[in-house]
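Asker: A single structure is presented below for examination.
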Amino acid sequence: MRDIEFVRSRFIKHFDGSTGYIYFAPGRINLIGEHTDYNGGFVFPGAVEKGILAEIKPNGTQKVRAYAIDLKDYVEFDLTDTEAPTASWAKYIYGVCKEMEKLGVEVKGFNTAFSGDVPLGAGMSSSAALESCYATAINELFGEKKIEKMELAKVGQRTEHHYVGVKCGIMDQFASIHGKEGALMRLDCRSMEFKYFPFHPDGYKLVLLDTVVKHNLADSAYNDRRHSCERVVEVIQKDHPEVTFLRDVSMELLESYKGKVSDEDYMRAEYVVEEIQRVLDVSEALEKDDYETAGKKMYETHKGMSQLYEVSCEELDYLNEIAMECGVTGSRVMGGGFGGCTINLVKEELQDLFVETAKERFAKKFGHEPKVYNVVISDGARRIE
Ligand code: GLA
């Protein structure tokens, strides 16, 4: 987490010298269950200790005055503005204000400064952290906390849909809001029920390796994947009206539609149906402390994301290959794909060797080292001061 005094000093310098309230919301990791959320399936995320730290103070006007400390960029908008600001980071704050208003919260103007330490483009949901931070703060400062946590997560999701143009699922915002120290969460994205899974894998560590690449068109490719899934559901639904998500489709049922949907859409759906099952398999394995099985499933996910869902890239595939060769228990691309991180479940005694090997071999091939982050599973969005 960023240093509170750092954010506070910038807030004081930038505004009228007085202080406000400090809020924090985290990024997330996801053990398994990728691109399953918008298909009504399961995900298995946890919040991390990195996130967005913001100081906020109501200013008695209708204006939001926002300072992005890391970017040294300042934006002001009026709450009655019908157009979102042009700076992409400010769209998130604007969108959250608008979506909170739609829920009946009388949002008032505020001064704010924020800073973050979720690496951008790493697939750790810096944008969900930003949305969750402001949704939580606005709910407390102007809404008398009347909006439920799950609804706050949806505020973030709707912000992405309506103001940013990414048709994301609910996983990232859910995780940022509901995170709990030391626990992963299995969320059923159809019923929205979830369960905390204490996660203290004895003798293992979770390590993220960041390729530090983010390929262009990631957002539009994400939306394309979603459309493929929806098209398959539409076709199956004609004969099976009970099917509303790929979650409702078994492999057997899907197979009977081979040739009735495009080959590409079929591949996408095949990945999703398998991935939903993998999350359940991993949950079962974790209940028995069986990390070997969990790890195997992670490798299967990587293969599916690379070959069927086609959201991996050369850099991620290479990191996955190195992990396999080093004997890492589980490894796969994490998040939406097209760059960002691999998440690795690695035996403690192997960690140093793996990280060193990955750095060296990756740098030789791509000219720069991957960044390394140790995962600390932490609490969700909250007021700090
Ligand atoms: C992004 C989206 C999530 C989810 C993942 C892939 O992070 O925001 O909703 O779909 O990709 O699992």
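The values are calculated or read from the model by the stated rules, or taken from the named source; none is laboratory data. Note that the structure is predicted; figures quoted are calculated from it, not measured. Methodologically, a virtual Cβ is constructed for each residue, glycine included, from the backbone with ideal geometry; neighbour enumeration extends over all protein chains shown. For the accessible areas, the whole protein counts, side chains as well, though only heavy atoms, and no ligand, DNA or RNA atoms are used. Shrake-Rupley method; radii C 1.70, N 1.55, O 1.52, S 1.80 Å.
Asker: Show the residue pairs that are 6+ apart or on different chains and have beta-carbon atoms under 8 Å apart, the first residue being within segment 151-176 and outside the structural domain of residue 104 (by TED's automatic domain parsing) and open to solvent by 10 Å² or more (accessible area, probe 1.4 Å), the second being assigned to a helix (DSSP H, G or I) and hydrophobic (A, V, I, L, M, F, W, C).
Answerer: The qualifying pairs do not exist here.
Asker: Let me ask something additional. Being part of a helix (DSSP H, G or I) and open to solvent by 70 Å² or more (accessible area, probe 1.4 Å) is the requirement here; does residue 319 meet it? Talk me through it step by step, then tell me what you get.
Answerer: On the way: part of a helix (DSSP H, G or I): yes; open to solvent by 70 Å² or more (accessible area, probe 1.4 Å): no.
For residue 319, the condition - part of a helix (DSSP H, G or I) and open to solvent by 70 Å² or more (accessible area, probe 1.4 Å) - is not met.
Asker: Being aliphatic (A, V, I, L, M), touching a residue at least 24 places away in the same chain (Cβ under 8 Å) and open to solvent by 30 Å² or more (accessible area, probe 1.4 Å) is the filter; apply it to segment 1-39 and report the residue that is farthest from residue 301 (Cα to Cα). Working first, answer last.
Answerer: Filtering segment 1-39 for residues aliphatic (A, V, I, L, M) gives 1, 4, 7, 12, 22, 25, 29, 31-32.
With the extra rule that they be touching a residue at least 24 places away in the same chain (Cβ under 8 Å), the set shrinks to 1, 4, 7, 22, 25, 29, 31-32.
Adding the requirement that they be open to solvent by 30 Å² or more (accessible area, probe 1.4 Å) leaves 1, 4.
Details: 1: 30, 4: 38 Å.
If we take residues in segment 1-39 being aliphatic (A, V, I, L, M), touching a residue at least 24 places away in the same chain (Cβ under 8 Å) and open to solvent by 30 Å² or more (accessible area, probe 1.4 Å), then 4 is farthest from residue 301 (Cα to Cα).
Asker: Considering only residues of segment 9-28 that are part of a strand (DSSP E or B) and of a type in the set (Ser, Thr, Tyr), which is farthest from residue 134 (Cα to Cα)? Spell out the reasoning first.
Answerer: First, pick out the residues of segment 9-28 that are part of a strand (DSSP E or B): 21-28.
Imposing the further condition that a residue be of a type in the set (Ser, Thr, Tyr) reduces the set to 21, 23.
Values: 21: 12, 23: 8 Å.
If we take residues in segment 9-28 being part of a strand (DSSP E or B) and of a type in the set (Ser, Thr, Tyr), then 21 is farthest from residue 134 (Cα to Cα).
Asker: Among the numbered conditions (1) among the aliphatic types (A, V, I, L, M); (2) away from the ligand (no atom under 12 Å from the Cβ); (3) in a helix (DSSP H, G or I); (4) closer than 13 Å to residue 99 by Cβ, tell me where residue 177 comes up short.
Answerer: (4)
Asker: Mind listing whichever residues of segment 328-374 are open to solvent by 30 Å² or more (accessible area, probe 1.4 Å), among the aliphatic types (A, V, I, L, M) and closer than 30 Å to residue 136 by Cβ?
Answerer: The one that is open to solvent by 30 Å² or more (accessible area, probe 1.4 Å), among the aliphatic types (A, V, I, L, M) and closer than 30 Å to residue 136 by Cβ: 372.
Asker: Follow-up question, since we're still on this one. Taking the condition of being among the charged types (D, E, K, R) and crowded, with 24+ Cβ neighbours inside 10 Å, how many residues in segment 99-144 meet it?
Answerer: Here is the first cut: in segment 99-144, the residues among the charged types (D, E, K, R) are 99, 101-102, 106, 108, 117, 131, 140, 144.
Narrowing further to those that are crowded, with 24+ Cβ neighbours inside 10 Å: 99, 131.
Number of matching residues: 2.
Asker: What strands (runs of 3 or more DSSP E) lie completely within segment 323-382 and have 1 or more residues being away from the ligand (no atom under 16 Å from the Cβ) and over 11 Å from residue 209 (Cα atoms)?
Answerer: Working: elements: 330-333, 339-347, 371-374.
Hits in segment 323-382: 330-333, 339-347.
Asker: Name the one entry in 200, 215, 240 that is in contact (Cβ under 8 Å) with a residue 12 or more places away in the chain and out of contact with any helix residue (DSSP H, G or I) (no Cβ under 9 Å at 6 or more places or on another chain).
Answerer: On the way: 215 fails: out of contact with any helix residue (DSSP H, G or I) (no Cβ under 9 Å at 6 or more places or on another chain); 240 fails: out of contact with any helix residue (DSSP H, G or I) (no Cβ under 9 Å at 6 or more places or on another chain).
Exactly one residue qualifies, and that residue is 200.
Asker: Turning to a different aspect of this structure: Could you list all residues from segment 79-88 that are in a loop (DSSP other than H, G, I, E, B) and touching a residue at least 60 places away in the same chain (Cβ under 8 Å)? Working first, answer last.
Answerer: First pass over segment 79-88, keeping only residues in a loop (DSSP other than H, G, I, E, B): 79-87.
84 - this is the single residue of segment 79-88 that is in a loop (DSSP other than H, G, I, E, B) and touching a residue at least 60 places away in the same chain (Cβ under 8 Å).
Asker: Another question, if that's okay. I'd like to verify a number: residues in segment 37-78 that are under 23 Å from residue 119 (Cα atoms) and either more than 16 Å from the ligand (Cβ to nearest atom) or outside any strand (DSSP E or B) (or both), how many?
Answerer: Initially, segment 37-78 is screened for residues under 23 Å from residue 119 (Cα atoms), giving 37, 43-56, 66-75.
Restricting the remaining residues to those that are either more than 16 Å from the ligand (Cβ to nearest atom) or outside any strand (DSSP E or B) (or both) gives 37, 44, 49, 53-56, 66-75.
Summing the residues that are under 23 Å from residue 119 (Cα atoms) and either more than 16 Å from the ligand (Cβ to nearest atom) or outside any strand (DSSP E or B) (or both) in segment 37-78 gives 17.
Asker: (1) part of a loop (DSSP other than H, G, I, E, B); (2) within 16 Å of the ligand (Cβ to nearest atom); (3) not acidic (Asp, Glu): which one isn't true of residue 143, the others all being true?
Answerer: That leaves (2) as the condition not met.
Asker: Which residue out of 70, 81, 37 is under 21 Å from the mean Cα position of the chain (by Cα) and more than 22 Å from residue 177 (Cβ to Cβ)?
Answerer: Details: 81 fails: under 21 Å from the mean Cα position of the chain (by Cα); 37 fails: more than 22 Å from residue 177 (Cβ to Cβ).
Within the list 70, 81, 37, the selection yields 70.
Asker: Can you confirm whether residue 75 is among the β-branched types (Val, Ile, Thr) and farther than 20 Å from residue 152 by Cβ? Write out each step before concluding.
Answerer: Values: among the β-branched types (Val, Ile, Thr): yes; farther than 20 Å from residue 152 by Cβ: yes.
It is true that residue 75 is among the β-branched types (Val, Ile, Thr) and farther than 20 Å from residue 152 by Cβ.
Asker: Same structure again: Would you say residue 352 is charged (D, E, K, R) and closer than 24 Å to residue 185 by Cβ? Lay out the reasoning, then the answer.
Answerer: Numbers: charged (D, E, K, R): yes; closer than 24 Å to residue 185 by Cβ: no.
When the stated conditions are applied, residue 352 does not pass them.
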